[in-house]
Amino acid sequence: GSSSVIVAVIDTGFDYTHPDLAANAWKNPGEIAGNGIDDDGNGYVDDVYGIDPAGVDGSAGDTNPQEGNVGHGTHCSGIVGARGNNSLGVAGVNWNVKIMGLKFFDDYGENAYDSFAIECIQYAVYQKTHGQNVVAISASWGGLGGTDSGGLRDAIEIANNAGIVFCAAAGNDSNNNDGGTHHYPSDYTLPGIISVAATDHSDGLASFSNYGATSVDL
């Protein structure tokens, strides 16, 4: 329940002005908002709430016009840390957590690249090594296929070594991730990844969820 805990959400950004999220939005202590200067010298100008490697609008905001700027990243951020006991919206898992917005999807939740995800992870690690208590990365995305190698895996391993847990979606393909077709990044063989399946209203495995006794943790 500590407000000193930071969770970095790699997604479509998040609506940091949302009444159920605004109080829990992480703010970069080394940056002065709106002055057009890279105050902390980390390579990003006005990265107050996070970054936007996808290059949509230069901020960590959730700007999907089809969803009223309350897209997947805002939804996931609410699960992580919507304020509780305030008679608004929903209650997140941690009512007082700080949420860092790392945007690697475009305006419509598409065209996400490994290079964008790597940049987001590197940013979280940078903040961790510069005094910000980033304890976890939320990555509610991924896909079937690919191999257990490459820059994304390496970036996650570096984050793990820095003390950041990588929480990844197991996928929504009704696939056995222990089988011949793997889902990445959740299936990378790293001890710091927690692969999470979906459950239904009865706490059973959702019909669409991927599964796997070895590859899926929760």
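The values are calculated or read from the model by the stated rules, or taken from the named source; none is laboratory data. The structure presented is a predicted model; accordingly, all values stated were derived computationally and were not measured. With ligands, DNA and RNA removed, areas are computed over all heavy atoms of the protein, side chains included. Shrake-Rupley method; radii C 1.70, N 1.55, O 1.52, S 1.80 Å.
Structure above, values below:
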{"quantity": "Spread of Cα-to-Cα distances over 5 Å intervals beginning at zero, given as percent, for region 1-103", "calculated": "3, 15, 24, 24, 18, 11, 4, 1"}
{"quantity": "Probe 1.4 Å, accessible area per residue of the chain, Å²", "calculated": "46 Å²"}
{"quantity": "Portion, in percent, of the accessible area of the chain that falls on carbon or sulfur, probe 1.4 Å", "calculated": "52 percent"}
{"quantity": "DSSP-defined beta bridges in the chain - what % are antiparallel, rounded to 5", "calculated": "10 percent"}
{"quantity": "Nearest-ten-degree value, helix 72-81 long axis tilted from longest Cα axis of the chain", "calculated": "80 degrees"}
{"quantity": "The chain, relative contact order [Cα under 8 Å, separation at least 6], %", "calculated": "20 percent"}
{"quantity": "The chain: angle of helix 151-161 to the longest principal axis, Cα-based, in degrees nearest 10", "calculated": "70 degrees"}
{"quantity": "Nearest-ten-degree value, helix 114-129 long axis tilted from longest Cα axis of the chain", "calculated": "60 degrees"}
{"quantity": "Region 137-206 - Rg over Rh from alpha carbon coordinates, Kirkwood radius", "calculated": "0.99"}
{"quantity": "Part-to-part distance (alpha-carbon centres) for region 1-33 and region 35-60, which is given in Å", "calculated": "14 Å"}
{"quantity": "Per residue convex hull volume, Cα atoms of region 80-217, in Å³", "calculated": "130 Å³"}
